[in-house]
Amino acid sequence: MPAATAPRTATIRRLLSKPPPWVVMYHSIADAAVDPYRVTVSPVRFARQLHWLTDRGLRGVSVRELLAATAAGRAKGLVGLTFDDGYADFLDSALPLLRRHGFTATVYVLPGRIGGENAWDGNGPRKSLLTEDGILRVLDAGMEIGSHGLRHVSLPSVDDRTLAEETGRSRVLLEEITGAPVDGFCYPYGDVDARAIQAVRDAGYGYGCAIAPGALTCAHALPRVHIGEQDTAWRLTAKRILHPLRRSWPAEPVPARVRPAGAGVS
């Protein structure tokens, strides 16, 4: 599969309409009796949510595809679909439904926990994470693979060495596994500050996904909307309507820098 590269940030900033594009955030797609962190959506609910998008003429795409389409002025009707943490259930539960609708998505994985579990969720049920083979299967299915850091730690709280490992080292490892450029980064817990954003830029990522970065909103800290098991059709409609009211580009955007198109591992 030919490797795509993220468009230059300057182009994105010129052409993106306000508010930022609609990007939704999932985690695990599975049946769960206990879900204290609200990270699990049942396959039945997920299928209904994808139907909701299709019924409204919307198409789910990876963030890389969404940003490239936005830069080209053809993003109307596109919604960014993201899956944090790289849960193994993506392969059996999410992927078949995405393919049925002709959707793509971005899966953010943790190369420091490949084949492991979600140990950072102290009170939650243990969930298996993708293996290297699973990551390659996701990539071969046409999905985008991005980095969620090495071990799922809050970046604003770590020292400089750990920050460099969580951003730069994680990208290097993922590019070694996939043999393809890794353009996207996703901040664990959505925790972001100016220092973390700069580290993501310095590591060579083309964009970054946060949750509600506020005044830090930029191509390396894109806002997203959480989607959970309770999101029925009317809640999805409300979230879509409220998006332009709750998310906007700051008047003074944080400067951004992107590696040149076609650049390899940094």
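The values are calculated or read from the model by the stated rules, or taken from the named source; none is laboratory data. These numbers come from a predicted model, not from an experiment. All Cβ positions, glycine included, derive from the backbone under ideal geometry; neighbour counts span all protein chains shown.
Some observations on this one:
- Residue count for the range 120-151, restricted to those that are in a loop (DSSP other than H, G, I, E, B) and either free of Cβ contacts under 8 Å to residues at least 12 places away in the same chain or among the β-branched types (Val, Ile, Thr) (or both): 3.
- Of the residues making up the range 69-98, those that are out of contact with any strand residue (DSSP E or B) (no Cβ under 7 Å at 6 or more places or on another chain) and at pLDDT below 95 are Thr70, Ala71, Ala72, Gly73, Arg74, Ala75, Lys76.
- Any hit, the range 150-167, residues being touching a strand residue (DSSP E or B) at 6+ places or on another chain (Cβ under 6 Å), buried (at least 17 other Cβ atoms within 10 Å of the Cβ) and under 16 Å from Ile197 (Cα atoms): no
- Selection within the range 48-73: residues that are assigned to a loop (DSSP other than H, G, I, E, B) and aliphatic (A, V, I, L, M). The member of this set that is surrounded by the most Cβ atoms within 10 Å (Cβ to Cβ) is Leu58.
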